[in-house]
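Q: Dumping the structure here so I can ask a few things about it.
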């Protein structure tokens, strides 16, 4: 018995020595290599810059076993540019060199912008020349100014030769949501005020009242939502004969099945030209499509209002990819573990005065998160699509102004809103579509955001795990994220039909 015990003790000491030796060897090897692009709880699944995989062996995923309940607590973190300083496409051209006039350059200088961003340097010349342009660039890179600046320059050139007519704007910016229209309107009004140009914001909610008591206003630019504008154009309250520039912001949403029918009916009323003659007065109507994600093939309905061949596409190198400068942690949890983990993370954020946005897939979950945090002495406001507009905007303003540092929200807050102060995104529910993931992550790490931004994802359900595995695989293969150009409404409808038709589901 003593011999057996002595042997077992010797073997345990040998294992301990071997483990220690291996750990030291691993640490030395790790120190001699570059930092991992993907770091995991199990280091054997780490992924390094330039690493490739054999076609026959397959791609080892840290999330491969996450469908098993025993995987709870596992995680991996994506560091897009772990081995280099933040790299962005740098253009040495000034605003003057890309065609902006002295008045706009002065306005930009007063607002603290000395050089154009990558997408601005690429797209502004195209828009200034009158091309119908598709602008696709990662979130938070300055897309709003990319189309506002050339439009304002055109307005300054056109306005003296055109007669003023009430409710007859020269340029119209259409958005899918009231929140985005309000925000773009504020940016445009700030610039227009310095240029003596009138900017009007029109959102839904009181459309019937405006039809009964029509507004009579002179405006050079109108920022509006699709629903409100289409109704007031149909009733003749707003005139379209003077509109020489149309912008679809968050165009991928407006081209989705949810909006495309109404959008097509509206845009068929405009004479969108192959290329606008920008002489004074201008001839025809110019179209600009803008979004962070865009279908590779535009819907056939687009043919009803514009020649697809006339669309000049301008993009950056980071579209349809994860933000390279923002670490993103994917954490496998059970459903019951999520509230406690959330509380721990948000408490740390509040103690460090780090503004945090918590995304949920459903309104009920969004409300629960807000109540749960408030019950634990963390002041949190929530916004979702079912709220009244004024209540929703009031709560967002509390977060934006810094009165509250925790915001619980649904995807209504994932597109276009100015969230520069946000330092942490928590996906309490992981989005089921990669386009939504890109837009949610884009609420942080924006131009003007602090340097230490991050994203934390809670992964609990099988469908969430499947999406995460696709994302992880694309990162390891250095590919774009999959299915970013998906028409979400159509996918849902096809899934319903497939589940209702057993023969189709078998096939």
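Q: Of all residues in segment 301-324, which are at pLDDT 90 or above, closer than 30 Å to residue 473 by Cα and out of contact with any helix residue (DSSP H, G or I) (no Cβ under 6 Å at 6 or more places or on another chain)?
A: Residues satisfying the conditions are 313, 315.
Q: In addition: When you look at residue 194, is it in a helix (DSSP H, G or I), surrounded by fewer than 21 Cβ atoms within 10 Å (Cβ to Cβ), in contact (Cβ under 8 Å) with a residue 60 or more places away in the chain and not assigned by TED's automatic domain parsing to the domain that holds residue 419, yes or no?
A: Yes.
Q: Name the residues in segment 316-367 that are surrounded by fewer than 16 Cβ atoms within 10 Å (Cβ to Cβ), in contact (Cβ under 8 Å) with a residue 60 or more places away in the chain and in a loop (DSSP other than H, G, I, E, B), would you?
A: 317, 334, 362
Q: Right, here's the next one. Output the residue which, of all residues in segment 199-209 that are in contact with a helix residue (DSSP H, G or I) (Cβ under 7 Å, 6 or more places away or on another chain) and at pLDDT below 95, is farthest from residue 258 (Cα to Cα).
A: This residue is 201.
Q: Still on this structure, I have one more. Restricting attention to segment 373-394, report how many residues are closer than 21 Å to residue 423 by Cβ, part of a helix (DSSP H, G or I) and modelled with pLDDT under 95. Talk me through it step by step, then tell me what you get.
A: Of segment 373-394, the ones closer than 21 Å to residue 423 by Cβ are 373-374, 376-383.
With part of a helix (DSSP H, G or I) added as a condition, the list becomes 373-374.
Filter again for modelled with pLDDT under 95, leaving none.
Result for segment 373-394: 0.
Q: Right, here's the next one. Do we find that residue 285 is over 25 Å from the mean Cα position of the chain (by Cα) and under 30 Å from residue 317 (Cα atoms) in this structure?
A: Details: over 25 Å from the mean Cα position of the chain (by Cα): yes; under 30 Å from residue 317 (Cα atoms): yes.
It is true that residue 285 is over 25 Å from the mean Cα position of the chain (by Cα) and under 30 Å from residue 317 (Cα atoms).
Q: Kindly establish whether residue 370 is part of a strand (DSSP E or B), at pLDDT 90 or above and either touching a strand residue (DSSP E or B) at 6+ places or on another chain (Cβ under 7 Å) or surrounded by fewer than 18 Cβ atoms within 10 Å (Cβ to Cβ) (or both).
A: no
Q: Ok, one more. Kindly indicate which of 128, 149 is in the same structural domain as residue 196 (by TED's automatic domain parsing), farther than 15 Å from residue 276 by Cβ and modelled with pLDDT of 90 or more.
A: Result: 149 is the single residue among 128, 149 that is in the same structural domain as residue 196 (by TED's automatic domain parsing), farther than 15 Å from residue 276 by Cβ and modelled with pLDDT of 90 or more.
Q: May I ask you to list the residues in segment 30-70 that are in contact (Cβ under 8 Å) with a residue 24 or more places away in the chain and part of a strand (DSSP E or B)?
A: If the condition is that a residue be in contact (Cβ under 8 Å) with a residue 24 or more places away in the chain and part of a strand (DSSP E or B), then 36, 37, 38, 39, 40, 47 are the ones that fit.
Q: Can you spot a residue in segment 225-241 that is on the phi > 0 side of the Ramachandran plot, assigned by TED's automatic domain parsing to the domain that holds residue 203 and out of contact with any helix residue (DSSP H, G or I) (no Cβ under 8 Å at 6 or more places or on another chain)?
A: Yes: one or more hits.
Q: Before we move on, is residue 350 in contact with a strand residue (DSSP E or B) (Cβ under 6 Å, 6 or more places away or on another chain) and either modelled with pLDDT under 95 or assigned by TED's automatic domain parsing to the domain that holds residue 447 (or both)?
A: Taking the combined requirement at face value, the residue does not satisfy it.
Q: Tell me, which residue of segment 301-315 that is in a strand (DSSP E or B) and more than 16 Å from the chain's Cα centre (by Cα) is surrounded by the most Cβ atoms within 10 Å (Cβ to Cβ)?
A: Looking at residues that are in a strand (DSSP E or B) and more than 16 Å from the chain's Cα centre (by Cα), I get 314.
Q: Is it true that some residue in segment 384-402 is within 27 Å of residue 325 (Cβ to Cβ) and surrounded by fewer than 17 Cβ atoms within 10 Å (Cβ to Cβ)? It would help to see each step written out before you state the result.
A: Taking segment 384-402 and keeping what is within 27 Å of residue 325 (Cβ to Cβ), we get 396, 399-402.
When the remaining residues are screened for being surrounded by fewer than 17 Cβ atoms within 10 Å (Cβ to Cβ), the result is 401-402.
There is at least one residue in segment 384-402 that is within 27 Å of residue 325 (Cβ to Cβ) and surrounded by fewer than 17 Cβ atoms within 10 Å (Cβ to Cβ).
The values are calculated or read from the model by the stated rules, or taken from the named source; none is laboratory data. Note that this is a predicted model, so its numbers are computed, not measured. Reconstructed Cβ throughout: ideal geometry from the backbone, glycine too, with neighbour counts over all protein chains shown.
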